[in-house]
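See below for the structure under consideration.
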Amino acid sequence: MGKMALQRLSSWQTVFTGGEQCNLFAWVGRGLTDLLRFLGATFILNNRVVAGIARGRVEYGTTVTQMAHVGVNSLPIVAVTMLFSGMVFAYHTATRASTLGVGSLVGWLVAETMCRELGPVLSSIVISARAGSAMTAELGTMKVTEQIDALRATAVNPIDYLVVPRYLACLVMVPILALIGDTVGVMGGYLLAVLIPEINQQAYLANIPGRLELWTVVAGIIKAVGFAAIIAIVSCHEGLSCRMASVEVGKATTRSVVYCIMLIYAANLILTTMLFSTQ
């Protein structure tokens, strides 16, 4: 009996200390460790940025320039994305609503969905791909070419000089672009109402003011503010932590976009449950 027990113990040790199971546990462990390290680093960076803003260390000229980069340069792609998204959503909503006899509510359904979810989320994803990737590439290039080290050598804080303006630019421009995206999406649905007979043009716009609540719009803007902080912090963190090689700039840019999209979806779930839990 003792010999059989020792054989079983040896077999279990083989399972949990070697082979594919061990590789799986090691992979999961490394993934959790990297995730916690990443979240801790971004949290610390966010605290340093907020502290810099609280102390008034803001480069206003650079902030305005970054607002132009984030807002003006991202406006065309946000508008195009939300226009066609609104048209597609209105089409699917109209085809189903007409069969249920509630075709007059299509306009309100499109506006409600745009302000609650599609406007803030899609706009933020587009901005992270357009402006966030540019932030990472710019800061990563500065890191590789040792420009950030030169700033430190001249007693200039890179966080205050580089990250704070981009952070403020995102906080201001992302909610504005999300609000513009909401409007463009609703207008895209109205444009489709002109083209297909399933949607009544007058009823499309008539039901929006009476049914769309102000809190829905405000909650969407609050979501966009949270997404803006994610875009700025993650993009700048990946740029500042880029390794000293030219090829690493492209890898950091890819990581920043992927991380931003994943965190935006995760934050959207949390913010949705918090903002709309009482409704």
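Observations on the model:
- Residues in segment 52-87 that are of a type in the set (S, T, N, Q) and over 20 Å from Leu171 (Cβ atoms) were compared, and the one that is nearest to the chain's Cα centre (by Cα) is Thr81.
- Subset of segment 231-256 that is buried (at least 21 other Cβ atoms within 10 Å of the Cβ) and touching an Asp or Glu at 6+ places or on another chain (Cβ under 9 Å) - its residue that is farthest from Ser128 (Cα to Cα): Cys242
- Qualifying position, being hydrophobic (A, V, I, L, M, F, W, C), more than 20 Å from Gly226 (Cβ to Cβ) and assigned to a helix (DSSP H, G or I), among Ala131, Ala203: Ala203
- Leu263 modelled with pLDDT of 90 or more, within 10 Å of the chain's Cα centre (by Cα) and not charged (D, E, K, R): yes
- Leu151 vs. criteria in a helix (DSSP H, G or I) and over 13 Å from the mean Cα position of the chain (by Cα): yes
- Checking each residue in segment 259-279 for being under 19 Å from Leu36 (Cα atoms), surrounded by 14 or more Cβ atoms within 10 Å (Cβ to Cβ) and out of contact with any Asp or Glu (no Cβ under 8 Å at 6 or more places or on another chain) picks out Cys260, Ile261, Leu263, Ile264, Ala267.
- Pick from segment 7-55, criterion charged (D, E, K, R) and closer than 30 Å to Asn157 by Cβ, ranking: modelled with the highest pLDDT: Arg48
- Beta carbons closer than 6 Å, at least 6 apart along the sequence or on distinct chains, pair a first residue in segment 238-251 that is in contact (Cβ under 8 Å) with a residue 24 or more places away in the chain with a second that is polar (S, T, N, Q) for Glu238/Thr136; Glu238/Ser256; Gly239/Thr136; Val249/Thr141.
- Enumeration of residues in segment 173-196 that are within 16 Å of Gly119 (Cα to Cα) and among the aliphatic types (A, V, I, L, M): Met173, Val174, Ile176, Leu177, Ala178, Leu179, Ile180, Val184, Val186, Met187
The values are calculated or read from the model by the stated rules, or taken from the named source; none is laboratory data. No experiment lies behind these values; they were computed from the predicted model shown. Cβ sites come from the backbone with ideal geometry, for glycine too, and all protein chains shown count toward neighbours.
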